[in-house]
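Undergrad: I'd like to ask you about the structure that follows.
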Amino acid sequence: MRETEVAVIGGGVVGCAVLYALARRGVAGTLLEAEPALALGASGTNSGILHTGFDSAPGELETRLILRSAELRDEVLDGLGVPVLRCGAVLRPGSDAEQATVRALAENAARNGVAVTVGADGALSVPGEAVTDPVAYTLALAGAAAGAGARVRTGARVEAITRDGDAFVLDVGGSSPLRCAVAINCAGLFADDVARLAGDGDFAIRPRKGEFFVFDAPGGRALERILLPVPTKRTKGVLVFPTLDGNVVAGPTAYDQDDKDDWTVRDDAAGEVLPKARAMLPALEGAKPVFRYAGLRPAGRDGVNYAIGPSPRCPGLVHVAAIRSTGLSASLGIAEHVVGIVGGLGVALGADRPLAPGPLPPASEPWWQRAAHHRGLA
Ligand SMILES: Cc1cc2nc3c(=O)[nH]c(=O)nc-3n(C[C@H](O)[C@H](O)[C@H](O)COP(=O)(O)OP(=O)(O)OC[C@H]3O[C@@H](n4cnc5c(N)ncnc54)[C@H](O)[C@@H]3O)c2cc1C
């Protein structure tokens, strides 16, 4: 039996950010990831955008954590050498109704303290929006934590959780169990299943699929800014964004499904994405996608979003669940918040200190191909 004070279940961006934030406070936890590598779930199949929170609902936990992340971001990412394209975003309204939405968004941004400008043509510019490589980002956090003494175990699926006095024992498929005082459930799509292993069935997660199409840069010219659509209540909509390696990506869709293992791109997705993308970037007219991938957002059922806090039924278990649409952007804020909860459970925290880059090797292929290749989908 191995022992650790704090176990983190799930090696997406949220779990890795929590491991990192704990290590900054002198707590060397152990992260258990079911897959053979980190960031193969939503964290490696998203849009890679570091949102400013300009369009988020003021006062909500999600918004507060995005805004806090934005404050923490530069020091952490620059310190760890995470690549970031600080390109900004632009949102061009079409109809009068969209112009009104843009004005409302500008007011919303002001309430959140996020700098935006509205041009004479009605376009909204958000200079702080940026693009990263979400896999490099996640690996950098885990690597820095590992460099500070944390353990990262991949191929380590938590299959059972039992109480043992004041501690938990986590049964890990195919290897030794782990005994811990505090367990943090960052299992993304499967956070409800992990909660049920501990007798807690208070929330449910449903996948919301987002499908993307990757293009070579039209005419060999890199896209200078993120092109945002006017959002709806349900989704931020189809955007067009540059990647750090010079491609252009269009997506995502928002398709609710029940199967947590279906990562395919539906036949309908092209019709849902490509006309909107071409309307925003006419240079994509006639261009053929060079790749496609899908991500599954871990969406809470019944509107549950950012379900973060101690389990009501299982003392010592902390859920960080239903981080649906903004977990990359909010990850540093989420992690700081979770470390505060862990401190409240009696784990001794040291002074906060920056960490140096750690020993995890980078991924060997572009992030937007990696998860689809892993699942044999491309
Ligand atoms: C289409 C799409 C577009 C998005 N765009 C953006 C964006 O531009 N900007 C942004 O900020 N956010 C974006 N998001 C949201 C962001 O990707 C998520 O909020 C974030 O990745 C959630 O991270 P996570 O760590 O909670 O989940 P995940 O990345 O899913 O990680 C959970 C991990 O837990 C592991 N796991 C599950 N069960 C177990 C178990 N029993 N034992 C051990 N490990 C287990 C899984 O294998 C997985 O690796 C997008 C998401 C999608 C899908």
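The values are calculated or read from the model by the stated rules, or taken from the named source; none is laboratory data. Values in this document were obtained by computation on a predicted structure and should not be read as measured data. Don't worry about glycine lacking a Cβ; one is built from the backbone with ideal geometry, like all the others, and counts go over all protein chains shown.
Undergrad: Take A287 and decide whether it is more than 15 Å from the ligand (Cβ to nearest atom), surrounded by fewer than 23 Cβ atoms within 10 Å (Cβ to Cβ) and among the small types (G, A, S). Working first, answer last.
TA: Numbers: more than 15 Å from the ligand (Cβ to nearest atom): yes; surrounded by fewer than 23 Cβ atoms within 10 Å (Cβ to Cβ): yes; among the small types (G, A, S): yes.
Considered against the rule, which asks whether it is more than 15 Å from the ligand (Cβ to nearest atom), surrounded by fewer than 23 Cβ atoms within 10 Å (Cβ to Cβ) and among the small types (G, A, S), A287 comes out as yes.
Undergrad: Right, here's the next one. Kindly evaluate F190 against the criterion of being within 14 Å of the ligand (Cβ to nearest atom) and more than 25 Å from the chain's Cα centre (by Cα). Outline the logic, then answer.
TA: Details: within 14 Å of the ligand (Cβ to nearest atom): yes; more than 25 Å from the chain's Cα centre (by Cα): no.
Considered against the rule, which asks whether it is within 14 Å of the ligand (Cβ to nearest atom) and more than 25 Å from the chain's Cα centre (by Cα), F190 comes out as no.
Undergrad: Would you tally the residues in the stretch 22-67 being more than 13 Å from the ligand (Cβ to nearest atom), closer than 22 Å to R208 by Cα and among the small types (G, A, S)?
TA: Residues that pass the stated criteria total 1.
Undergrad: Quick one: in the stretch 243-260, which of the residues that are away from the ligand (no atom under 11 Å from the Cβ) and not in a strand (DSSP E or B) is surrounded by the fewest Cβ atoms within 10 Å (Cβ to Cβ)? Don't jump to the end; show me each part of the working.
TA: Within the stretch 243-260, the subset away from the ligand (no atom under 11 Å from the Cβ) is 243-248, 250, 256-259.
Pick out the ones that are also not in a strand (DSSP E or B) and you get 243-246, 257-259.
Numbers: T243: 21, L244: 16, D245: 12, G246: 12, Q257: 12, D258: 7, D259: 10.
Among those residues, the one meeting the criterion is D258.
Undergrad: Taking I323 as the residue in question, decide whether it is within 11 Å of the ligand (Cβ to nearest atom) and under 25 Å from A130 (Cα atoms). Let's see the steps before the verdict.
TA: On the way: within 11 Å of the ligand (Cβ to nearest atom): yes; under 25 Å from A130 (Cα atoms): yes.
In short, yes.
Undergrad: Is there a residue being within 27 Å of G350 (Cα to Cα) and within 14 Å of the chain's Cα centre (by Cα) anywhere in the stretch 17-32?
TA: Filtering the stretch 17-32 down to residues within 27 Å of G350 (Cα to Cα) leaves 17-32.
Filter once more, keeping what is within 14 Å of the chain's Cα centre (by Cα): 17-18.
Yes, that holds for at least one residue.
Undergrad: Conditions: (1) buried (at least 22 other Cβ atoms within 10 Å of the Cβ); (2) of a type outside the set (G, A, S); (3) over 30 Å from A167 (Cβ atoms); (4) over 20 Å from the mean Cα position of the chain (by Cα). R297 meets all but one. Number of the miss?
TA: So the condition that R297 fails would be (4).
Undergrad: Only one of V82, V102, V76 is of a type in the set (A, V, I, L, M), crowded, with 17+ Cβ neighbours inside 10 Å and more than 16 Å from the ligand (Cβ to nearest atom). Can you tell me which? Spell out how you get there, then give the answer.
TA: Values: V82 fails: more than 16 Å from the ligand (Cβ to nearest atom); V76 fails: more than 16 Å from the ligand (Cβ to nearest atom).
Testing whether each residue is of a type in the set (A, V, I, L, M), crowded, with 17+ Cβ neighbours inside 10 Å and more than 16 Å from the ligand (Cβ to nearest atom) leaves just V102.
Let's see how each residue does on (1) in a loop (DSSP other than H, G, I, E, B); (2) of a type in the set (D, E); (3) within 12 Å of the ligand (Cβ to nearest atom); (4) within 30 Å of S125 (Cβ to Cβ):
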site: R196; (1), (2), (3), (4): no, no, yes, no
site: G201; (1), (2), (3), (4): yes, no, no, no
site: R208; (1), (2), (3), (4): no, no, yes, yes
site: E211; (1), (2), (3), (4): no, yes, yes, yes
site: A222; (1), (2), (3), (4): yes, no, no, yes
site: T232; (1), (2), (3), (4): yes, no, no, yes
site: G237; (1), (2), (3), (4): yes, no, yes, yes
site: F241; (1), (2), (3), (4): no, no, yes, yes
site: W263; (1), (2), (3), (4): yes, no, yes, no
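Undergrad: Among residues belonging to the stretch 333-378 that are in contact with a Gly (Cβ under 8 Å, 6 or more places away or on another chain), part of a loop (DSSP other than H, G, I, E, B) and within 21 Å of V14 (Cβ to Cβ), point out the one that is modelled with the lowest pLDDT.
TA: The residue in question is L360.
Undergrad: Just for the stretch 155-174: of the residues that are small (G, A, S) and in a strand (DSSP E or B), which one is surrounded by the fewest Cβ atoms within 10 Å (Cβ to Cβ)? Spell out the reasoning first.
TA: Step one: of the stretch 155-174, the residues small (G, A, S) are 155-156, 160, 165, 167, 173-174.
From what is left, the residues that are in a strand (DSSP E or B) are 160, 167.
On the way: A160: 12, A167: 15.
Step by step, filter the stretch 155-174, then rank; the result is A160.
Undergrad: Further question on the same structure: May I ask you to list the residues in the stretch 105-127 that are surrounded by 14 or more Cβ atoms within 10 Å (Cβ to Cβ), touching a helix residue (DSSP H, G or I) at 6+ places or on another chain (Cβ under 9 Å) and of a type in the set (S, T, N, Q)?
TA: The answer is N112, and nothing else.
Undergrad: Scan the stretch 139-154 residue by residue and report those that are outside any loop (DSSP other than H, G, I, E, B) and within 19 Å of the chain's Cα centre (by Cα).
TA: Quick first cut of the stretch 139-154, residues outside any loop (DSSP other than H, G, I, E, B) only: 139-147, 151-153.
Result: L139, A140, L141, A142, G143, A144, A145, V152.
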